[in-house]
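Undergrad: Have a look at this one before I ask anything.
The values are calculated or read from the model by the stated rules, or taken from the named source; none is laboratory data. Note that this is a predicted model, so its numbers are computed, not measured. Reconstructed Cβ throughout: ideal geometry from the backbone, glycine too, with neighbour counts over all protein chains shown. Please note that ligands, DNA and RNA were not included when accessible areas were found on the heavy atoms of the full protein model with its side chains. Shrake-Rupley method; radii C 1.70, N 1.55, O 1.52, S 1.80 Å.
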Amino acid sequence: MSMGSILAGPVALVAAAVFLLLPAASLAQLQVGFYNTSCPNAEVLVRQAVTAAFANNSGVAPGLIRLHFHDCFVRGCDASVLLTVNPAGGKTEREAPPNFPSLRGFEVIDAAKAAVERSCPQTVSCADILAFAARDSINLTGNTFYQVPSGRRDGRVSNDSEALQFLPNPNSTAQVLTDGFGVKGLTAEEMVVLSGSHTIGRSHCDSFLFKNRERLANGTISPAYQALLEALCPPTTGPTTLITTEIDVSTPTALDNNYYKLLPLNLGLHFSDDQLIRNATLAPFANNFAANETLWKEKFVAAMLKMGNIEVKTGSQGEVRLNCSVVNPGSSSTAGVEMLMFPGSASDASADEVATS
């Protein structure tokens, strides 16, 4: 059975329905099979890079999912989070506190990009590689495969201040979380759905230790759990402390619904996780997903597809980077309309070449 045929049943129907509901402007240019003619093995090459990295370190999967999420929430899904140099000067998104030192998976994207460039030079965007890699990570950890519309272009701007402005904080209240996702066109339910990705991955001590002392005082975290966290994290914990722990203490390497089951037991690692069951609007969603893993996975795929459409650049906007960590030579971050394209690139594909994460 091919990977493309794995998507079946309810998940397939939900993914198809979401695709039809996406904004018309995005539908006109983001398509499943976008590289079918210009680079037919693009998704296979990305999948191979992700699978190889996962075999060596399963932690790359949650890292890549988070990398895609943090990319889309700042300037849209344009791979701006991958840039190591801000063409306009100043720090980049990946240097901002919400991303550094916790964000990971960059080397996997670089490996995938190198493989794709060898096969199809100047054709596949880093933004699409990120989307494909996140999808493949979801499949590796949750046995859930889905088709991802592609045709995104890479941006030329990356500012740390925007990462601070738009990325959710682990100490955020339910209202702040809901408002932040709402700004990006995502509903309160979709916020709860996407929070379920915390069922895999790890978190640094600085993101939970001190706020959880307040939770201990008001009875919203298990005393035994907090004691374990206090023993793990040094008293001098700060932003540069590199010690981490699993977010899901029960099944930390499986993309499942156990994250939601832990919340009523006061075993949510972050204050923001715990907020999902303390808010009257959000709690029913969390309880439904705790009771029904199939339902959560269906909605998770749908939410990932919708998130992957946030403020995308297509057509002649942006560029197709040669190196995901820097803009192309001659690019300008101040151009009003970004026009750089390459002969034979995806944006130059004729209509019959654009057939499709």
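Undergrad: Restricting attention to the range 332-342, does a residue exist that is open to solvent by less than 50 Å² (accessible area, probe 1.4 Å) and either at pLDDT 60 or above or in contact with a Ser or Thr (Cβ under 7 Å, 6 or more places away or on another chain) (or both)?
TA: No, the range 332-342 contains no residue that is open to solvent by less than 50 Å² (accessible area, probe 1.4 Å) and either at pLDDT 60 or above or in contact with a Ser or Thr (Cβ under 7 Å, 6 or more places away or on another chain) (or both).
Undergrad: For the range 42-75, enumerate the residues that are outside any helix (DSSP H, G or I) and either open to solvent by less than 10 Å² (accessible area, probe 1.4 Å) or in contact with a Pro (Cβ under 8 Å, 6 or more places away or on another chain) (or both).
TA: Across the range 42-75, the qualifying residues are Phe73, Val74.
Undergrad: Follow-up question, since we're still on this one. Given the criteria aromatic (Phe, Trp, Tyr) and open to solvent by 10 Å² or more (accessible area, probe 1.4 Å), does Tyr225 qualify?
TA: Considered against the rule, which asks whether it is aromatic (Phe, Trp, Tyr) and open to solvent by 10 Å² or more (accessible area, probe 1.4 Å), Tyr225 comes out as yes.
Undergrad: Just wondering, is there one or more residues in the range 76-94 that are crowded, with 17+ Cβ neighbours inside 10 Å, part of a loop (DSSP other than H, G, I, E, B) and modelled with pLDDT under 95?
TA: Yes: one or more hits.
Undergrad: Out of (1) of a type in the set (A, V, I, L, M, F, W, C); (2) within 25 Å of the chain's Cα centre (by Cα); (3) buried (at least 19 other Cβ atoms within 10 Å of the Cβ), the odd one out for Ala283 is which?
TA: Single failed check for Ala283: (3).
Undergrad: Looking at Leu269, Leu276, Leu262, which is the one that is assigned to a loop (DSSP other than H, G, I, E, B), of a type in the set (A, V, I, L, M) and buried (at least 19 other Cβ atoms within 10 Å of the Cβ)?
TA: Leu269
Undergrad: Taking the range 153-184 on its own, how many of its residues are open to solvent by less than 40 Å² (accessible area, probe 1.4 Å) and touching a Leu at 6+ places or on another chain (Cβ under 7 Å)?
TA: 2
Undergrad: Would you mind telling me which numbered condition in (1) open to solvent by less than 30 Å² (accessible area, probe 1.4 Å); (2) under 20 Å from Ile65 (Cβ atoms); (3) among the small types (Gly, Ala, Ser) Ala254 fails?
TA: Among (1) open to solvent by less than 30 Å² (accessible area, probe 1.4 Å); (2) under 20 Å from Ile65 (Cβ atoms); (3) among the small types (Gly, Ala, Ser), Ala254 violates only (1).
Undergrad: Continuing with this model, one more query. Considering only the range 188-208, state which residues are farther than 14 Å from Gly59 by Cα and in a helix (DSSP H, G or I).
TA: Correct list: Ala188, Glu189, Glu190, Met191, Val192, Val193, Leu194, Ser195, Gly196, Cys205, Asp206, Ser207.
Undergrad: So is Val326 of a type in the set (A, V, I, L, M, F, W, C), open to solvent by 20 Å² or more (accessible area, probe 1.4 Å) and over 19 Å from the mean Cα position of the chain (by Cα) or not?
TA: Spelling it out, Val326 is indeed of a type in the set (A, V, I, L, M, F, W, C), open to solvent by 20 Å² or more (accessible area, probe 1.4 Å) and over 19 Å from the mean Cα position of the chain (by Cα).
Undergrad: If the requirement is being of a type in the set (Phe, Trp, Tyr), closer than 25 Å to Pro239 by Cβ and out of contact with any Gly (no Cβ under 7 Å at 6 or more places or on another chain), which of these qualifies: Phe106, Phe132?
TA: Of Phe106, Phe132, the one residue that is of a type in the set (Phe, Trp, Tyr), closer than 25 Å to Pro239 by Cβ and out of contact with any Gly (no Cβ under 7 Å at 6 or more places or on another chain) is Phe106.
Undergrad: A further question on this structure: Does the range 219-229 include one or more residues that are closer than 21 Å to Ser58 by Cβ, of a type outside the set (Phe, Trp, Tyr) and touching a strand residue (DSSP E or B) at 6+ places or on another chain (Cβ under 8 Å)?
TA: no
Undergrad: Name, by its number, the condition in (1) under 28 Å from Glu107 (Cα atoms); (2) open to solvent by 10 Å² or more (accessible area, probe 1.4 Å); (3) in contact with a Lys or Arg (Cβ under 7 Å, 6 or more places away or on another chain) that does not hold for Ala290.
TA: Just one mismatch for Ala290, condition (1).
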